[in-house]
Amino acid sequence: MRGGLIGAMTESEMKRRTMDFSIRLLQLVDDLPETRTVRIIANQLACAGTSVAANYRAVCRAKSRADMVAKVTTVEEGADECSFWLELLSDIGLMPAAKISALLSEASELTAIMVASRRTLLFKNQNSKIRSAATRGGSRTPENGSGCGRPFSCGT
């Protein structure tokens, strides 16, 4: 990401990290049993997980700092959503906590990285208009183009 917002990681390293996260989530989804409940959770997890990598790539192509803040926020929301679905799998007994702990840890780390990146972007622009725009919550809704009300579109 421009400006060294990810700390010691380069843009290409972060792209690889988010892609690896998505791949590992998809492998977990493939290992889940076939039930109606699992199918629902698996679809949501696959959608959220792949959006982390796809939307991080969009961060790297942001056209402005305000655009970057919005896109970083979308990645943050996707990573946090992955945490939710992973916790749910464990809480309802569909996957042992030990089997998802590494993915849950990575989802939490990615969420924290994006939170820190967003804050850095906002701090650098304390007196700009993006601070107020970003704090209003720039998620897309059916009214402004996402279709399903989620901050990213997954076709569900």
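Bear in mind these aren't lab numbers, they're just calculated from the coordinates by the rules spelled out. Quantities reported herein were computed from a predicted structural model and do not represent experimental measurements. A quick note on method: Cβ atoms are made from the backbone with ideal geometry, for glycine too, and the neighbour counts reach across all protein chains shown.
Please compute the net charge surrounding D31, taking Lys and Arg as +1 and Asp and Glu as -1 over other residues with Cβ under 15 Å from its Cβ.
Every neighbour counted, the sum reads +1.
Can you give the FRET efficiency for D67 and A8, using 1/(1 + (r/R0)^6), R0 = 25 Å, r = Cβ-Cβ distance, to the nearest 0.05?
0.55
Mind checking Rg over Rh on the stretch 16-103, alpha carbons, Kirkwood formula for Rh?
When Rh is taken as the Kirkwood radius, the ratio is 1.04.
Write out the chymotrypsin sites (Phe, Trp or Tyr not before Pro) in the stretch 15-120 meeting two conditions: DSSP loop, and at most 13 other Cβ atoms within 10 Å of their Cβ.
Of the chymotrypsin sites (Phe, Trp or Tyr not before Pro), not one in the loops of the stretch 15-120 has a Cβ with at most 13 other Cβ atoms within 10 Å.
Starting from the Cα of S105, step 7 Å along the direction of its Cβ; do the same at D20; then give the gap between the two resulting points in nm.
Between S105 and D20, the simple spin-label model gives 1.3 nm.
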